[in-house]
Amino acid sequence: MLSSASKLTIRAILRGGTTSARCAAVFTTTTTTTTTTTRLSSACLTLPAMHKSSFTRAGTRISAEDSLRIKHLEYRNQPTPTLPSGAATTSSSQAQGLPTTTAATTTAAGAAAGAVCHTPIAFPKNESQAARTNRDDAPTSNFKGFSASFPCMEKEAERRAAGGPEPMYDRVVSGYEVYHHKTPFQLYHGGVLPEFNIAYETWGTLNASKSNAILLHTGLSASSHAKSQAKNTNPGWWEAFIGPGCAIDTNKFFVMCTNVLGSCYGSTGPSCINPTTGEAYATHFPILTVQDMVRAQFHLLDHMGIQKLYASVGSSLGGMQSLTAAALHPSRVGKVVSISAAAMSHPLSIAMRHVQRRVLMADPHWNGGQYYKGIFPHFGMKVAREIGTISYRSGPEWEERFGRQRANPESSPNFCPDFLIETYLDHQGELFCLKYDPNSLLYISKAMDLFDLGQGFESLDAAFHRIDMPALVLGVESDILFPEWQQRQVANKLRTTGNQSVVYYQLDSIYGHDTFLIDVNSVGKAVKGHLENE
Ligand SMILES: CC(=O)SCCNC(=O)CCNC(=O)[C@H](O)C(C)(C)COP(=O)(O)OP(=O)(O)OC[C@H]1O[C@@H](n2cnc3c(N)ncnc32)[C@H](O)[C@@H]1OP(=O)(O)O
C-alpha cells in the first residue's frame, strides 16, 4: 500500500486536432498552471504487495513508489497501423449445428502384440532427480510405459455421472436494482426482444441537476457489482477504484454500473424466461451487438432522468461500450474513458474467443444450449475459461510467478495439471465455470467479435468524428487480447477526426489485459486525473 505521501507523476500529451500545442505533466504533485494534483486516498490503494514487487522489467520508472511505469508517448514518433476507413459491418454468423464430439475418458491400450499395457511406473515416486539421472539406463525389460491414471478426468467423469441442478446465476449477486423495459426492443442484427431487464447498482449521490453521473461499463463476464454497497457488502470487481477519494470519487460523482444485456446477473439474457414461450431463451436468444447493449443502457438513463453523463468509463468490452456510448450520443456524454478496448476486434482476439466457444459447445452437456433442465456443461465451461485466462494475463507475468515449477516436483509427470501454470489455469477454470451462464459467454463473446465502432455510421471515421468530448485512452504493452497498438489506433483516430482533447497512456504492466482489474495505482490515477481535470 502506498503511503499518503506517495505520488505519481504521469506525463501525457494533450494535442488538439490541428494545433501542436501541448500540455505536459497533466498529473504531478508539483503545482503549476497546467497541473492537476492526482492522489488516490490510501483507502483505495489495496494492491497486494506481490503486485508491486513483481515489476522488475527494465523500463522508465516514473516514481520510486509506483509499481507501474506510465510512459510518455508522442503520437508523431509512434508508427501506427492504419484502420480501414470504411465501416466493415460484419454479418451475423451464429454457429450452426452441434459438434458430435463425445467426451470419453481415455485409457491407454497397447496395440502391438506382446505390448505391456498399464505398466506401473517402475521408478519409486520419491526418487530424486539426481538418482534418476545417474541410474544405469540399461533396460530391465522390453517395455515399460506410463501408468494410465488420470485423476483429473476421473473427477470430471464423477461430476458428469452425478449431474446436478443448474447453478442459479442470479443468486450469485443480489442487491441490484432492475430497470424493466416493457416494450419490444429491436436489435441490430434483426432480432427482437419482447421486453428486457437491466440490473444496475449505484454509488454516491446524484446531484440536483443530475449532471454528476458516471456510467461504468463492464467487461465480458462481470456483474453490476463493481463496488460493495449496503445491499451487497461483498467486494465488487472495481472495489478499490470506486469510493470517497478514489479513482472514481463518490464524494463528487454518482456512479452507475449495469449488467449488460445478454448476461446472467439480473439483466435479460439466454438463461431468462422468454415471456412469449414460457421457456428459457437459451440459444433462441437473438444475436447481440455492443451497440444493442449500450442502447439498452440509455433507456435506463432516460428512465432515471439523466440527460447527460458526466462521463462514460469502461475497460475491455466496457471500453467498447464506452466508445459506443460516446459515438451514439455525443451530446449526452461529457467525457469518455476507454481502457484496453478497441474500435473493432482483431483476428487473433476473435480466434481466442472462437476456441473458447468451440470447446464449450463440444461438451455434450451443452446440448445445443438446452442444458437449463439438464446437466450443466461444467467441463466445457471450465476449459473455455482456462483458454480465456491465457488471453487475460501474460507470459512475462507467468514466467515471473510460476516459471517452470511443477506443483509436486517429486511426483511422476502426468497429463493432469502438473506445472504450476497448469494448476493455476485449472483453478481459474474451476473458480469461474459455475458462476456464469455458458450461453451468455457465447452471446457476449460473439458481440465482442462483431464489434465495429463504425457499425450503423457512414464510416468508422464518421463514428470517431462524433466522439468530440475529452477522451482518455489507456493501453497495456503486455495485453495480447486488446494489444497496445489498438489503443494507439483509437487515440490517433480520435485526434485525426477532430477531437481536441485526447490523452493517451501506455502502461508497461506485466498483467496483460487484466491490468485494469489489478493496478489501481496506475490505471486508477490516470482515470482520476481525466475525470477531475477541468
Ligand atoms: C475479456 C473481458 O471482457 S474482461 C477481463 C476478463 N478477466 C477476468 O474476468 C479476470 C478474472 N480474474 C479476477 O477477477 C482476479 O481475481 C483478479 C484479476 C481480480 C485478481 O487477480 P490476482 O490477484 O492476480 O489473482 P490470481 O489470478 O492470482 O488468482 C488467485 C487465485 O489463484 C490461486 N492460485 C494462484 N496460483 C496458483 C497455482 N499455481 N495453482 C493453483 N491455484 C493458484 C490462488 O490460490 C487464488 O485462489 P482463490 O481465488 O481461490 O483464493
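Under the condition of being among the basic types (Lys, Arg) and more than 16 Å from the ligand (Cβ to nearest atom), which residue from the stretch 183-235 is nearest to the chain's Cα centre (by Cα)?
Lys231
Please work out if Asp426 is within 25 Å of Ile510 (Cβ to Cβ), within 12 Å of the ligand (Cβ to nearest atom), not aliphatic (A, V, I, L, M) and not in a loop (DSSP other than H, G, I, E, B).
Yes: the conditions hold for Asp426.
Identify, please: which residue in the stretch 225-258 is of a type in the set (S, T, N, Q) and over 14 Å from Ser315 (Cα atoms) and is, among those, surrounded by the fewest Cβ atoms within 10 Å (Cβ to Cβ)?
Ranking the qualifying residues of the stretch 225-258, first place goes to Thr233.
Got at least one residue in the stretch 354-371 being assigned to a helix (DSSP H, G or I) and of a type in the set (Val, Ile, Thr)?
Yes: one or more hits.
When the residues of the stretch 386-403 are narrowed to those that are touching a helix residue (DSSP H, G or I) at 6+ places or on another chain (Cβ under 6 Å) and within 11 Å of Leu420 (Cα to Cα), which ends up farthest from the ligand (Cβ to nearest atom)?
It comes out as Trp398.
I'd like to check something: does the stretch 353-367 contain any residue that is within 13 Å of the ligand (Cβ to nearest atom), buried (at least 18 other Cβ atoms within 10 Å of the Cβ), assigned by TED's automatic domain parsing to the domain that holds Ala162 and within 27 Å of Cys272 (Cβ to Cβ)?
Checking the stretch 353-367: at least one residue is within 13 Å of the ligand (Cβ to nearest atom), buried (at least 18 other Cβ atoms within 10 Å of the Cβ), assigned by TED's automatic domain parsing to the domain that holds Ala162 and within 27 Å of Cys272 (Cβ to Cβ).
Just one of Phe415, Phe419 is at pLDDT 95 or above, hydrophobic (A, V, I, L, M, F, W, C) and more than 19 Å from Phe482 (Cβ to Cβ); which is it?
Only one candidate passes the filter, namely Phe419.
Can you report the number of residues in the stretch 485-526 which are more than 16 Å from the ligand (Cβ to nearest atom) and farther than 17 Å from Ile467 by Cβ?
6
Picking from Leu472, Leu434, Leu441, which residue would you name as being assigned by TED's automatic domain parsing to the domain that holds Tyr371, within 11 Å of the ligand (Cβ to nearest atom) and on the phi < 0 side of the Ramachandran plot?
Residue meeting the stated conditions: Leu441.
The values are calculated or read from the model by the stated rules, or taken from the named source; none is laboratory data. All figures in this text were calculated on a predicted structure; none of them were measured in a lab. As a convention, Cβ positions derive from the backbone with ideal geometry for all residues, glycine included, and neighbour counts pool all protein chains shown.
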